[in-house]
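Worksheet: one structure, shown below.
Please treat every number below as a calculation from the coordinates, not as lab data. Since we're looking at a predicted model, the values are computed, not measured. Cβ coordinates were reconstructed from backbone atoms using ideal geometry, including for glycine residues, and neighbour counts include every protein chain displayed.
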């Protein structure tokens with residue numbers, strides 16, 4: 001959890017330096033230009049200190065370093081990018097692929113072979129081990145380039161090529177210490193790039209901070225990337241893993257959502273679903289700031305009911321956002337229109353948002369940030385997640401889904417946002433049904449949908465199975481969809497065993513709300 005501190009976190013286009021007061025001393029920080037990353041550090045990297053960004057090949061170290069360098073150039077800082085493994089042309093091609101302008105970034109490619117003649121050999125000497133000559137000369141060449149540029153931001157990409165010149169880790173550490181001591185006498189913020197070799201890398205204990213990038217291979221879909229701040233001396237930061245993506249335009253980091261950091265207040269009240277019968281079943285309406293699980297077999301009307309509640313909120317001029325994992329947006333809009341719910345018009349006036357979510361492409365951290373932005377930037381008051389099975393596909397496993405979802409729901413609860421979660425039960429009427437995972441315990445209310453057979457026809461029933469913050473009607477009612485919209489009948493007191501799917505009739509003829517539609 002991020003430690004308590006004061007001082008506003010600025011974005012890269014506001015200021016490259018942020019002053020943070022912590023434990024009665026001030027720390028100057030510089031913005032990295034990487035969306036979301038500075039928020040993890042409470043403002044950016046510590047000014048005039050050396051940090052290490054490490055990861056396996058392809059994890060994004062060079063992209064990270066380039067964004068850091070460009071952010072400095074945009075603030076009119078003197079920036080030097082020292083490359084030991086890629087030529088200037090290759091560096092510029094990487095920047096071009098992202099649409100970046102490297103104006104103001106001094107790129108210097110150091111070829112270690114030039115220290116020893118064109119053939120890459122120290123042609124005459126044979127007294128010393130090659131490492132005792134090659135590594136100090138390389139460090140001297142780097143320091144010479146730094147002296148000429150006198151940078152305020154420096155990138156050395158990467159230490160891996162320098163390590164190859166060392167006879168052993170101790171010798172490599174000594175030379176890097178020499179480099180760091182020289183940089184310590186300058187007003188220069190430095191970023192070292194290095195491959196992740198082992199937990200006891202000699203550079204980790206030398207530098208002020210360590211940032212670790214990871215690239216995880218998925219069984220299907222793109223690789224999953226994440227970032228972790230391993231250490232940052234004398235500076236609070238948000239620990240743990242944070243999702244990140246690399247797309248055209250660079251790296252985006254999605255800080256792990258911590259609900260406790262976003263506590264807010266709101267007045268307790270119930271909100272109407274737009275259906276008087278459903279409000280009665282809820283004991284007056286859905287509680288604001290709570291999470292309701294819409295649970296039932298496929299085809300029982302869960303998504304349609306969620307659309308109804310969103311439309312009712314829009315009728316009160318409250319903004320709603322629907323995150324759809326399982327169906328096309330147009331299918332949702334057409335079905336709603338057939339029931340008299342004009343979501344398309346409400347989309348046009350900005351009271352309703354519908355987002356198509358591809359779980360193979362969107363990480364859980366990115367989804368959480370998308371939802372939180374809808375709340376903070378557009379004042380969304382109602383959120384629909386349809387469905388949780390699609391959300392699960394963005395998770396490595398069920399345990400993480402529960403943790404992510406619990407944190408997201410806690411955050412939305414603090415903001416007074418009402419959440420509807422759709423989850424499908426598998427099975428048929430009269431046959432045991434199951435869910436892929438149990439989330440009913442973190443839901444404040446459960447709205448249960450089911451089917452039953454009567455007179456050779458399948459009927460739908462609806463009931464409020466749980467309401468945490470007040471009394472609710474314990475009955476089951478028939479649910480119908482038609483040209484007149486959504487209809488909910490009187491309590492089905494004439495039957496027993498509806499939940500089994502094959503009830504027994506114990507009273508008069510079942511009141512059919514469809515008969516009322518025709519009268």
Could you tell me whether the stretch 307-429 comes out rounded, prolate or oblate from its Cα gyration tensor? Rule is a ≥ b ≥ c as square roots of the eigenvalues, rounded for a/c under 1.5, then prolate if a/b exceeds b/c, otherwise oblate. oblate
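Based on other C-beta atoms within 10 Å, arrange 449, 481, 266 from fewest to most.
Placing the least packed residue first, the sequence is 266, 481, 449.
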Between residue 150 and residue 329, the two model label points (7 Å from Cα along the beta-carbon direction) sit apart by a distance in nm of 5.4 nm
How far apart, in nm, are two points set 7 Å out from the Cα along the Cα-to-Cβ line at residue 269 and at residue 345? 2.4 nm
Computed over the Cα atoms of the stretch 235-337, what is the ratio Rg over Rh, Rh following Kirkwood? 1.07
Taking the Cα-to-Cβ direction at residue 28 and at residue 56 and moving 7 Å from each Cα, how far apart do the two end points lie in nm? 3.9 nm
On a C-alpha basis, how far is the centre of the stretch 82-99 from the centre of the stretch 246-275 in Å? Whole number, if you could? 37 Å
Measure out, as a whole number of angstrom, how far apart the alpha-carbon centroids of the stretch 339-408 and the stretch 174-214 sit. 40 Å
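What's the extension gain from residue 241 to residue 400 if we count 0.36 nm per residue and subtract their Cα-Cα distance? Display every interim value, and only then the final one.
Details: separation 159, 0.36 × 159 = 57.24 nm, distance 1.23 nm.
Gain on extension, residue 241 to residue 400, equals 56.0 nm.
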Could you please rank 96, 466, 337, placing first whichever residue has the fewest other Cβ atoms within 10 Å of its Cβ? 96, 337, 466
Looking at the stretch 261-518 only, what percent of DSSP beta bridges run antiparallel? Nearest 5 please. 45 percent
Which ordering of 442, 246, 309 is given by a fewest-first count of other beta-carbon atoms within 10 Å? 442, 246, 309
Could you work out how much longer the chain between residue 196 and residue 218 gets when fully extended? Use 0.36 nm per residue separation minus the Cα distance between them, nm to one decimal. 5.9 nm
Would you mind telling me the antiparallel percentage of the DSSP bridges in the stretch 51-252, rounded to 5? 40 percent
Test of understanding: what is the full-extension gain from residue 181 to residue 471, defined as 0.36 nm times their sequence separation minus their Cα-Cα distance? 97.6 nm
Return the FRET efficiency for the residue pair residue 455, residue 109: r is the Cβ-Cβ distance, R0 is 60 Å, and the value is rounded to the nearest 0.05. 0.15
For the stretch 51-252, count all C-alpha to C-alpha pairs, find those more than 22 Å apart, and express that count as a whole percent of the total. 51 percent
Express as a percent, rounded to the nearest 5, the fraction of DSSP beta bridges in the stretch 247-382 (both residues included) that run antiparallel. 30 percent
